[in-house]
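Engineer: Below is one structure. I have some questions about it.
Read-outs throughout are calculated quantities, based only on the coordinates presented, and are distinct from any laboratory measurement. These numbers were taken from a predicted model, which means no experiment stands behind them. Backbone-built Cβ (ideal geometry, glycine too); neighbour counts: all protein chains shown.
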Amino acid sequence: MCGIIGYIGDRKACEVIVKGLKRLEYRGYDSAGVVTGDGSSLDIRKGAGRIDDLAKRLRFLDMKGTRGIGHTRWATHGVPNDTNAHPHTDCTGRIVLVHNGIIENFAELREELSRKGHVFRSDTDTEAIAHLIEEELKSSDDFEGAMRRALKKLKGSFALAIVYADEPDRLYFVRNESPLVLGIGNGEMFAASDVPAFLEYTNKVVFLDDGEYAVVTKDSWVVKRLDTGEPVEKEVHEISWTLDMAEKAGFPHFMLKEIYEQPRAIRDAIHGNRETIGRVAREIANYDRVIFVAMGTSYHAAIAGKYLFQKLAKKIPIVEEASEFRYEFEDLIDENTLLIAITQSGETADTLAAMKLAKRRGAKVLAIVNVVGSMATRIADLTIYTHAGPEIGVAATKTYTTQLTVLTMLAIETAAVLGTVPLERLESLRRALLSVPEFVEKVLELDGSLAELAEELKDKRDFFYIGRGIGVPTALEGALKLKEISYIHAEGLSAGELKHGPLALLEDGVPVVAIAPDGRLFDKMVSNIEESKARGAMIIGLSNRGELSKVADVFIQTPDVDELLSPIVYVVPLQLLAYHLSVLRGNDPDKPRNLAKSVTVE
Ligand code: F6R
């Protein structure tokens, strides 16, 4: 759960690396470090803290040299401090590396290497890798061979960038179950955990696969297999994202920019998938057993997907958190199963594990993913991209609404294949979906009043979010957004659950956010709202039906959107409310404490 970057060329490496690390900070930000050099002398600087502070304190930008690597960390082994910050070195200080991932057998390796006389300075799993390569180098001078032999002994996930002082013309990059992409420049080369880190310099990229490594000089690159050392043919892709898209574009935070990008993102999700959806829907129609797996916000999209498939395709999918599925479903999966994995990053460890399990058991795997070339897309038999563009804010916003868009399209088209719903109804839903970006634009106009509402709510201690039917995932997601960035306790639940326990927590002034789109369950929602109101709760009601304003203390008027499309529209005011509460409480909504954008460890 870290970000790594490497550069070799004619520029001042530290400048490229520091800029890249700032763009990778969303992957982790508890400590950072850089190593640069020309010839065989290397300068290593690292410490705990954010990149900007460290760049000043350790004067990263004074570092000399035209090759180097850098790292921004999210701790897994060893507390965040100066010593545990990357890079790490062997005993001689000549093998220097940075790592994203977890080495599961590091304790054994460390013990064995210590017995052989290696001296460890940090508590990290990463340091063992440097000593392991050093140990292998004792039996031959061939660094590349020694690196390969050493890495074969590792169990776990690793993306690595490695500098060897005695080979000043090259850098090594390795990928195994953690992301890594090469950037191909003119007389210069880059590598990073994610494309925005070097997109300013090149949009030509090569995605490494698991078990591959790259040897890179300023004018050349070659990708080889870690097990045999044989070269692998790789395709060079051109990325169409501009750096502008990856930057804040004048908004105070990435999260706010990404909330505002939703109309565009939803349009892209619709238009970018016109061709694929029909084909995938025909596949889905073949399966009786459909299982959605995902985590966090993507899991909420999965719950919405379940409602949509039930309503339209008359299928009853199972929805499981990937972290549960991977340990509980082994015997229940076979070739008659279709697993639909939803993951914006395509790198969530639990979701990848669930996908691999399903593949092993002969199931078909469909992935709904945002990040192009990510691991999930390599495991899946079929991939649908959400086309949201890079999402830098840790809290998922536009990736969620585009997941919902894709799931809606899939449910509509699967229903069309199966003939489960009259064609006129499907046609009207297709048309209505095309208007959703405009509806989202409409709710974005509520931003000012939501900011005022946040002022009123900023000192509240607990929030409840309730909904029914297709409103449930919106309630869950509204609560998750609030807790993760404002650090206010929030619970999302189906309104029917209230009186089975949570009602006991309601007292004077506790905000209850009620998702109440027009539809079959509107009256039931009103009853639940009345129940909460009778206990003194402060009702914040979201509906397209104006009469809710009579019951709600605060009424948020939503546009007239079909109930089945309401999740995409109704979540937007909840994202904005959470955002404003986060800022008012002095938090950084882009970098919530204890969280990271890609959860690449279990
Ligand atoms: C919350 C959030 C997380 C992710 C979860 C899964 O705002 O972003 O809950 O949704 O970590 O991530 P992906 O979708 O990348 O698999």
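Engineer: Provide the packing ranking of 169-177, 318-326, 441-449, i.e. peptides ordered by the mean count of other C-beta atoms within 10 Å per residue, highest first.
Structural biologist: Per-residue Cβ counts within 10 Å, averaged per peptide and sorted highest first, yield 169-177, 318-326, 441-449.
Engineer: With an 8 Å Cα cut-off and a minimum separation of 6 or more residues, compute the relative contact order for segment 3-245 in percent.
Structural biologist: 20 percent
Engineer: For segment 155-230, take the alpha-carbon Rg, divide it by the Kirkwood Rh, and send me Rg/Rh.
Structural biologist: When Rh is taken as the Kirkwood radius, the ratio is 0.95.
Engineer: While we're on this one: As a test, work out the antiparallel percent of DSSP beta bridges whose residues both lie in the chain, rounded to the nearest 5.
Structural biologist: For the chain, the DSSP antiparallel bridge percentage is about 60.
Engineer: Follow-up question, since we're still on this one. How far apart, in nm, are the 7 Å Cα→Cβ label points at Glu275 and Ala534?
Structural biologist: If labels sit at Glu275 and Ala534, their model points lie 5.8 nm apart.
Engineer: Another one. Quickly work out the Arg378-to-Thr92 label distance, labels modelled 7 Å from Cα along the C-beta direction, and quote it in nm with one decimal.
Structural biologist: In this crude label model, Thr92 to Arg378 measures out at 3.1 nm.
Engineer: At 0.36 nm per residue, minus the direct Cα-Cα distance, what do Asp553 and Leu503 gain on full extension? Give it in nm, one decimal, please.
Structural biologist: That works out to 16.2 nm of additional length.
Engineer: So for segment 3-245, considering every pair of alpha-carbon atoms, how many percent are separated by more than 22 Å?
Structural biologist: Tail of the P(r) past 22 Å holds 47 percent of the pairs.
Engineer: Still on this structure, please answer the following. For segment 446-602, build the charge dipole from Cβ charges (+1 Lys, Arg; -1 Asp, Glu) around the Cα centre, then report which of Leu584, Val512, Ala490 sits farthest towards its positive end.
Structural biologist: Sorting the options by dipole projection puts first Ala490.
Engineer: Additional query: Which one, Leu113, Gly229, Thr76, projects farthest toward the positive side of the charge dipole computed for segment 3-245 from Cβ point charges (K/R +1, D/E -1)?
Structural biologist: Thr76
Engineer: To continue, here is another question. Of Arg23, Arg361, how do they rank once you tally other Cβ atoms within 10 Å and put the fewest first?
Structural biologist: In order of increasing Cβ crowding within 10 Å: Arg361, Arg23.
Engineer: How many nm is it between the label spots at Asn594 and Leu434, if each spot is 7 Å from the Cα in line with the beta carbon?
Structural biologist: 4.7 nm
Engineer: Helix 349-360 against the longest principal axis of the chain: what's the angle in degrees, Cα atoms only, rounded to the nearest 10?
Structural biologist: Approximately 90 degrees, to the nearest ten.
Engineer: Let me ask something else about it. For segment 504-517, in order, what is each residue's ³J(HN,Hα) by Karplus, 6.51 cos²θ - 1.76 cosθ + 1.60 with θ = phi - 60°, in whole Hz (x at glycine and Pro)?
Structural biologist: 4, 8, 7, 8, 3, x, 6, x, 10, 8, 10, 9, 9, x
Engineer: Give me the distance between the Cα centres of segment 380-419 and segment 73-143, rounded to whole Å.
Structural biologist: Here the answer is 40 Å between Cα centres.
Engineer: Report the full-extension gain for the segment Ser240 to Thr83: residue separation times 0.36 nm, less the Cα-Cα distance, to one decimal in nm.
Structural biologist: Using 0.36 nm per residue and subtracting the Cα-Cα distance, I get 52.6 nm.
Engineer: I've got another one for you. For segment 288-375, with only Lys/Arg (+1) and Asp/Glu (-1) charged at the beta-carbon, what is the dipole magnitude about the Cα centre, in debye rounded to 20?
Structural biologist: The dipole magnitude comes to about 380 debye.
Engineer: Just report the Cα centroid separation between segment 13-67 and segment 434-488, whole Å.
Structural biologist: If you average the Cα positions of each part, the centres end up 38 Å apart.
Engineer: Can you give me the relative contact order of segment 248-444 as a percent, contacts being Cα pairs under 8 Å and 6 or more apart?
Structural biologist: The value is 30 percent.
Engineer: Can I ask one more? Charges only on Cβ, +1 for Lys and Arg, -1 for Asp and Glu: so what's the dipole of the chain about the Cα centre, in debye to the nearest 20?
Structural biologist: 120 debye
Engineer: With a 10 Å Cβ neighbour count serving as the proxy for reagent exposure, in which order, fewest first, do Cys91, Cys14, Cys2 appear?
Structural biologist: Cys91, Cys14, Cys2
Engineer: What is the ratio of the Cα radius of gyration of segment 446-602 to 2.2 N^0.38 Å, with N the residue count, to two decimals?
Structural biologist: That works out to 1.00 for segment 446-602.
Engineer: For each pair in Lys152/Lys356; Lys359/Lys597; Lys248/Lys364; Lys248/Lys356; Lys481/Lys550; Lys315/Lys597, compute the distance between the two Cα atoms and list the pairs where it is over 30 Å.
Structural biologist: The pairs that break the limit, which is 30 Å between Cα atoms, are Lys248/Lys364; Lys248/Lys356; Lys315/Lys597.
Engineer: Near Leu312, within a Cβ-to-Cβ distance under 10 Å, what is the net charge of the other residues, with Lys and Arg +1 and Asp and Glu -1?
Structural biologist: Around Leu312, the surrounding residues sum to +3.
Engineer: Sticking to Cα atoms, compute the Rg of the chain to one decimal and its Dmax as the biggest Cα-Cα distance, whole number, in Å.
Structural biologist: Cα radius of gyration and Dmax of the chain are 25.2, 81 Å respectively.
Engineer: What dipole magnitude, in Debye to the nearest 20, does segment 446-602 give about its Cα centre under +1 on Lys/Arg Cβ and -1 on Asp/Glu Cβ?
Structural biologist: 280 debye
Engineer: Within 10 Å, count the other beta carbons around each residue, average over each peptide in 149-155, 302-308, and list them highest first.
Structural biologist: 302-308, 149-155
Engineer: Expressed as a rounded percentage, what relative contact order does the chain have, with Cα pairs under 8 Å and six or more residues apart?
Structural biologist: Over the chain, the number comes to 11 percent.
Engineer: On a full-extension model of 0.36 nm per residue, what is the gain between Arg361 and Val417, subtracting their alpha-carbon distance, rounded to one decimal in nm?
Structural biologist: Stretched out fully, the Arg361 to Val417 stretch lengthens by 17.5 nm.
Engineer: Once Lys and Arg get +1 and Asp and Glu get -1 on their Cβ, which of Thr402, Gly211, Val599 lies farthest toward the positive end of the dipole of the chain?
Structural biologist: Thr402
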